[in-house]
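First comes the structure, then the notes that go with it.
The values are calculated or read from the model by the stated rules, or taken from the named source; none is laboratory data. For clarity, every value in this text was computed on a predicted model and none was experimentally measured. Methodologically, a virtual Cβ is constructed for each residue, glycine included, from the backbone with ideal geometry; neighbour enumeration extends over all protein chains shown. Heads up: the accessible areas ignore ligands, DNA and RNA and are worked out on the full protein's heavy atoms, side chains in. Shrake-Rupley method; radii C 1.70, N 1.55, O 1.52, S 1.80 Å.
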Amino acid sequence: MLVVDDSRVIRQLIRVNLELEGFEVVTAADGAECLEAVHRVRPDVITLDVVMPRLDGPRTAARLRADARTRSIPIVFVSACGQAEIDEGTAVGVEAFVAKPFEPADLVRIVRALAVRDAPRATEGCGAAGRGGAPGR
């Protein structure tokens, strides 16, 4: 599991909640650190903030999708999801969207489902626009 967010508090919140559920978690402060760590860590899932310094979430996701070694890793955008972020994420193949502020249990549920690869695309708390009208699963 690779958690990417420029906020240390958010990284820690996500890390602790995932570790309590048995996930091994590595964190990165931005997209550039994510791209440095991803080949070493080989995560089952990446949670990715959208707005970050150096390299933002959408550009990071696009680079992950362009690399054959990381193309199939599920990505969850964790951000104040607006329609623009959902559209941009969908365009680069992001599997799920979780809106800040979020319930840690909801994020854990989505990450677990993606880690075992049995989850259809999910949207949690980001509104229903363009996602079939059903938030979450």
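Observations on the structure shown:
- Taking segment 1-28 and a reference point 7 angstrom along Cα→Cβ of E36, the backbone N atoms nearer than 17 Å belong to 2-8, 26-28.
- Note on the chain: with neighbouring protein chains present and a 1.4 Å probe, carbon and sulfur make up 51 percent of its accessible heavy-atom surface.
- Dipole-positive endmost among I75, I86, V9 within the chain (Cβ charges, Cα centre): I75
- Taking label positions 7 Å along the Cα-Cβ direction at both V9 and V51, the computed distance is 1.5 nm, reported to one decimal.
- Where the chain is the region considered: accessible area per residue in Å², 1.4 Å probe: 48
- Ellipticity estimate at 222 nm from DSSP helix runs (n ≥ 4, -39,500 (n - 2.57)) divided over the chain, nearest 500: -12000 deg cm²/dmol
- Taken about its Cα centre, segment 1-63 carries a charge dipole of about 160 debye when Lys and Arg each add +1 at the Cβ and Asp and Glu each add -1 at the Cβ.
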